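The values are calculated or read from the model by the stated rules, or taken from the named source; none is laboratory data. Keep in mind that what you see is a predicted model, and the values were worked out from it rather than measured. With ideal geometry, Cβ positions are generated from the backbone for all residues, glycine too; neighbour counts draw on all protein chains shown.
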Amino acid sequence: MTISTLTIDDTNLHNGAMNDPESPNPEVLERSAGRRQFSAKYKAKILAEYDTLSRLEKGALLRREGLYSSLITTWREQRERGAEQALARPAGRQKADPKDREIATLKRKNERLESELDTSQKVIEIQAKLSALLETLASTSTADVSEKK
């Protein structure tokens, strides 16, 4: 008994075989590991194309472009909030202002210098007290030497 490849039996169905030879390939190709950024024009183009497609074609578009459906949802929300302005806004945190970085650096430097100044002032006070003590000891010892003579 011979079985042709066109005959679909229960074993093929249980193994995950599909009877539709035109079904799309579910494999997503690898892309670079870096974070991608999309322009406002690209987002608008993809949204317009996505909205005109059927369910299967939408999946094919997402696979072809390497996108996730959550991106489409986010882009739609951005479009509703502010059209081109929201679509052009970059994702993530705002860039740090170089002035803020310089201010923080100067504050740290100021704190370090104040600490060094305090240490220097304490050393000068100790030296003054030591000098006064040595002067007292020297005058006392000269007075003792002159009394013994």
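Considering only residues that are of a type in the set (Val, Ile, Thr) and either at pLDDT below 90 or under 31 Å from the mean Cα position of the chain (by Cα) (or both), which ones fall in segment 46-74?
46, 72, 73, 74
Residue by residue through segment 43-71, note down the ones that are part of a loop (DSSP other than H, G, I, E, B) and loosely packed, with under 14 Cβ neighbours inside 10 Å. Spell out the reasoning first.
Filtering segment 43-71 for residues part of a loop (DSSP other than H, G, I, E, B) gives 53-54, 66-68.
Of everything in segment 43-71, those that are part of a loop (DSSP other than H, G, I, E, B) and loosely packed, with under 14 Cβ neighbours inside 10 Å turn out to be 53, 54, 66, 68.
Give me the pairs: first residue in segment 87-115 and within 30 Å of residue 46 (Cβ to Cβ), second residue in a loop (DSSP other than H, G, I, E, B) and of a type outside the set (Gly, Ala, Ser), beta-carbon distance under 8 Å, and six or more apart or on different chains, which are they?
Hits for this filter: 90/37; 91/37.
Within segment 90-112, restricting attention to residues that are loosely packed, with under 10 Cβ neighbours inside 10 Å and of a type in the set (A, V, I, L, M), which residue is farthest from residue 71 (Cα to Cα)?
Out of the qualifying residues, it is 96.
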